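Data first, discussion second: the structure below is written as structure tokens.
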Amino acid sequence: PTDEGLVNAAPIFMPILTGGGNLYSTVGDLCRFDRALTGGEFISEESYKQMYTTVRQNYGYGWRVVNWSGYRGIMHGGGVSGFNAFLLRFPEQQVCVVVLSNVNPTPMRDISNRLAAIVFEEPALANPLWPGGSAR
């Protein structure tokens, strides 16, 4: 958003975004993805455990593992010009928070933090989910 309102994001050549973009999804799709991961439909249990075992700075294989008010949270987010996505998963509680936006900038972590606070009936954290693995 600008003083003039919303403006279109700068155009980018989408085919170059292999791996880190060029995907189309919905909140429902990403919730099904979460359930499939948790239910062992995509990868073995051993691979699942390895994916969320922190290797460096509370980061596993593609996912940051955080402590959110005593709950183990697993998160990943990203975006390109005009598209943003953020997943905050709590596998033990079978909760997945999905935030998608086509507005830049969007406070994705803050929104996911506030949604998790509603789900868990906890106050929203003052400085949620910053690198380093602490949700405090």
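Adding -39500 (n - 2.57) for every DSSP H run of four residues or longer, then dividing by how many residues the chain holds, sets the calculated 222 nm ellipticity at -7000 deg cm²/dmol. Only Cα pairs under 8 Å and 6+ residues apart enter the sum, and on that basis the relative contact order of the chain stands at 20 percent. On the basis of the beta-carbon distance and an R0 of 35 Å, V55 and V80 show a calculated FRET efficiency of 0.85.
To test your reading of the geometry: what angle, between 0 and 90 degrees and rounded to tens, separates the Cα axis of helix 27-38 from the longest principal axis of the chain? That helix lies at roughly 20 degrees to the long axis.
What longest range of the chain stays clear of loop-exposed GluC sites (Glu not before Pro) (DSSP non-H/G/I/E/B, at most 10 other C-beta within 10 angstrom)?
With GluC sites (Glu not before Pro) excluded where exposed in loops, the chain gives 42-120 as its longest stretch.
Model label sites at V119 and L100, defined 7 Å from Cα along the beta-carbon direction, differ in position by 1.7 nm. Where (i) 97, 63, 23; (ii) 42, 32, 26; (iii) 46, 36, 29 are the candidate values, the label of the one calculated here for Cα extents along the principal axes in Å is (iii).
Readers should treat all values here as calculations from the given coordinates under stated rules, not as data from a laboratory. This is a predicted model, so every value here is computed, not measured. We place every Cβ from the backbone using ideal geometry, glycine too, and count neighbours over all the protein chains shown.
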